[in-house]
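Engineer: Here it is, the structure in full.
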Amino acid sequence: MPQVRIALEDADDPVSRELTAEFFADIAGRYGDAASPPPLDLAELRAPDGTWLVMYDDGEPIGCGGLRRCDDHTAEVRRLFLRPAARGRRLARTLMAELEDVARRRGYRRIRLDTGDRQPEALRIYLTSGYHEIDDYNGNPRARHWLEKDLTPRPGDVRVIARKYDGRLHWHATLPRLGEDEHGVWLGATAYTPWRRGAEPAVFIPATHVVLIPHSGDWVAAFNAAPFRTEIYIDVSDRPVWHGPDEVVSIDLDLDVVRRRDSGEVALLDEDEFDEHRVAFGYPEDVVAGARRTAGELLAAVRAHAEPFGKASAPWLERMG
């Protein structure tokens with residue numbers, strides 16, 4: 001199966017020079033002989049203030065993008081590019097999410113970029129990823145849109161973290177808290193919310209969804225809006241633990257209970273992974289028995305549409321629009 005990865009590279013190495021040449025050719029094809037963009041010293045795309053990333057798909061370079069320092073608190077995205085064959089797979093969002101994470105780690109509080117009126121697909125990505133329009137900050141004659149995004153945590157954001165039994169990081173994301181009811185705490189996400197598995201590049205679930213952290217229960221559930229084919233996806237885990245109001249951590253125990261939207265089929269997934277990990281990670285017998293018991297209870301509840309696996313998620317999904 002092809003693997004997408006993102007690597008820290010030098011903007012002046014052969015692969016990066018080739019990608020950059022294609023970037024300029026793409027821009028020239030869109031804008032013709034329009035004025036040149038602002039100059040860029042490649043040293044600005046190197047640590048400690050900047051960065052340069054190359055995206056690979058099954059070992060082949062397919063895109064690139066960099067960050068440069070504007071001031072102590074602000075970074076700017078430069079030369080974001082995907083080869084035509086890689087477009088339409090949401091990989092530009094993945095590359096943007098990686099650049100934003102690098103900017104946060106470097107201590108930047110906001111990130112800026114610009115784009116022209118002949119790149120509508122790029123503008124849509126930015127606007128749906130939390131960027132808002134600002135005044136011209138760099139004098140780029142090709143640009144018609146200058147945008148900025150706040151990288152600091154928003155009030156009410158919750159860091160959702162799942163780890164495996166051996167402690168390694170599994171799925172994680174930052175989601176807004178929607179509210180709380182008798183079932184638990186509800187968190188929201190859109191089709192543009194980045195999820196990561198460990199240190200892998202971000203992925204995007206192509207539907208609005210809400211996540212329920214139960215008040216009691218050894219599981220975490222996601223409810224997906226139509227037309228996504230999986231209506232409910234539940235991870236069997238240990239009891240989720242809150243570390244203050246803005247972080248919740250669970251230990252994923254492999255087993256997953258799902259309900260398909262069209263057929264109504266309810267299924268238990270990843271039993272083979274559970275059997276593999278209970279040996280490899282040394283699950284104690286009480287953990288094995290508890291996970292199997294929880295999976296059986298969830299299968300029965302989801303088949304019966306017993307709340308919160310009936311209509312409880314509907315008002316929360318409606319809040320997401």
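Engineer: How high is the relative contact order of segment 115-266? Use alpha-carbon pairs under 8 Å, at least six apart in sequence, and give a whole percent. Could you put the intermediate results ahead of the total?
Structural biologist: Values: 314 pairs, mean separation 24.7, N = 152.
Value for segment 115-266: 16 percent.
Engineer: Here is a further query. Along the principal axes of its C-alpha atoms, what lengths does the chain span, in descending order and rounded to whole Å?
Structural biologist: For the chain, the Cα spread along each principal axis is 66, 41, 39 Å.
Engineer: Follow-up. Could you tell me the convex hull volume per residue, in Å³, taken over the Cα atoms of segment 148-194?
Structural biologist: Here the figure is 117 Å³ per residue.
Engineer: At 7 Å along Cα-to-Cβ for each site, give me the label-to-label distance between Arg124 and Ala267 in nm.
Structural biologist: Modelled inter-label distance: 3.1 nm.
Engineer: Suppose all protein chains stay in the model; what accessible area per residue would a 1.4 Å probe give for segment 221-260, in Å²? Show your work: numbers first, answer last.
Structural biologist: Details: 1560 Å² over 40 residues.
I get 39 Å² per residue for segment 221-260.
Engineer: Rounded, prolate or oblate: which fits segment 57-145 when a ≥ b ≥ c are the square roots of the eigenvalues of the alpha-carbon gyration tensor, with rounded for a/c under 1.5 and prolate only if a/b beats b/c? List each step's numbers first, then the result.
Structural biologist: Values: a/c = 1.86, a/b = 1.22, b/c = 1.52.
Since a/c reaches 1.5 but b/c is at least a/b, the shape of segment 57-145 is classed as oblate.
Engineer: Rg and Dmax of segment 16-115, using alpha carbons, in Å: what are they?
Structural biologist: 13.6, 38
Engineer: Give the Rg (one decimal place) followed by the Dmax (whole number) of segment 216-321, computed from C-alpha coordinates and expressed in Å.
Structural biologist: 14.6, 44
Engineer: Normalised by the number of residues in segment 134-192, what is the relative contact order in percent for Cα pairs under 8 Å and 6+ residues apart?
Structural biologist: 20 percent
Engineer: Considering Cα pairs under 8 angstrom that are at least six residues apart, work out the relative contact order of segment 252-321 and quote it in whole percent.
Structural biologist: Rounded, it is 27 percent for segment 252-321.
Engineer: Describe numerically, in nm with one decimal, the distance between label points set 7 Å from Cα along Cα→Cβ at Glu276 and at Val288.
Structural biologist: 1.8 nm
Engineer: Suppose the chain between Lys311 and Leu40 were pulled fully straight at 0.36 nm per residue; how much longer would it get relative to their current alpha carbon spacing? Intermediate results must be reported in sequence, preceding the final value.
Structural biologist: On the way: separation 271, 0.36 × 271 = 97.56 nm, distance 5.39 nm.
Gain on extension, Lys311 to Leu40, equals 92.2 nm.
Engineer: Taking every pair of alpha-carbon atoms in segment 149-272, give the share separated by more than 16 Å as a whole percent. Kindly include the intermediate steps, with their values, before the conclusion.
Structural biologist: Values: 4857 of 7626 pairs.
That fraction is 64 percent.
Engineer: Which values of log₁₀ I(q)/I(0), to two decimal places, follow from the Debye formula for segment 97-204 at q = 0.19 Å⁻¹ with a uniform point scatterer at every Cα?
Structural biologist: Values, matching the q order: -1.10.
Engineer: By how many nm would the segment from Arg90 to Asn140 lengthen if fully extended, with 0.36 nm per residue of separation less the alpha-carbon distance?
Structural biologist: 15.4 nm
Engineer: What is the extension gain from Ala300 to Asp166, computed as 0.36 nm multiplied by their sequence separation minus the C-alpha to C-alpha distance, in nm to one decimal?
Structural biologist: Difference between extended and current length: 45.3 nm.
Engineer: Give the carbon-plus-sulfur fraction of the accessible surface of the chain in %, rounded to a whole number; probe 1.4 Å, heavy atoms of protein chains only.
Structural biologist: Carbon plus sulfur share of accessible area: 51 percent.
Engineer: Can you order the peptides 243-256, 212-225 by their average number of other Cβ atoms within 10 Å per residue, highest first?
Structural biologist: 212-225, 243-256
Engineer: May I pose another question? In degrees, nearest 10, range 0 to 90: what is the angle between the Cα axis of helix 91-105 and the longest Cα principal axis of the chain?
Structural biologist: 90 degrees
Engineer: Also: Report ³J(HN,Hα) in whole Hz for each residue of segment 37-44, in order, from the Karplus equation J = 6.51 cos²θ - 1.76 cosθ + 1.60 where θ = phi - 60°; Gly and Pro get x.
Structural biologist: For segment 37-44, the Karplus-derived couplings read x, x, x, 9, 7, 4, 4, 5 Hz, x marking Gly and Pro.
Engineer: Here's another thing I want to ask about it. How large is the helix-only mean residue ellipticity at 222 nm for the chain, computed as the sum of -39500 (n - 2.57) over DSSP H runs with n ≥ 4, divided by its residue count, in deg cm²/dmol to the nearest 500?
Structural biologist: -7500 deg cm²/dmol
Engineer: With unit charges on the beta carbons (Lys and Arg positive, Asp and Glu negative) and the dipole taken about the Cα centre of the chain, which residue among Val287, Ile125, His215 sits farthest to the positive side?
Structural biologist: Going by the Cα projections, it comes out as Ile125.
Engineer: Measure nothing but the geometry: give the 0 to 90° angle between the long axis through the Cα atoms of 271-280 and the longest principal axis through the Cα atoms of the chain, rounded to 10°.
Structural biologist: 90 degrees
Engineer: In debye, nearest 20, what is the charge dipole magnitude of segment 88-193 about its Cα centre with +1 on Lys and Arg Cβ and -1 on Asp and Glu Cβ, if you could check?
Structural biologist: For segment 88-193, the charge dipole is close to 480 debye.
The values are calculated or read from the model by the stated rules, or taken from the named source; none is laboratory data. Note that the structure is predicted; figures quoted are calculated from it, not measured. Don't worry about glycine lacking a Cβ; one is built from the backbone with ideal geometry, like all the others, and counts go over all protein chains shown. When the accessible area is computed, the model is the full protein with side chains, heavy atoms only, and any ligands, DNA or RNA have been set aside. Shrake-Rupley method; radii C 1.70, N 1.55, O 1.52, S 1.80 Å.
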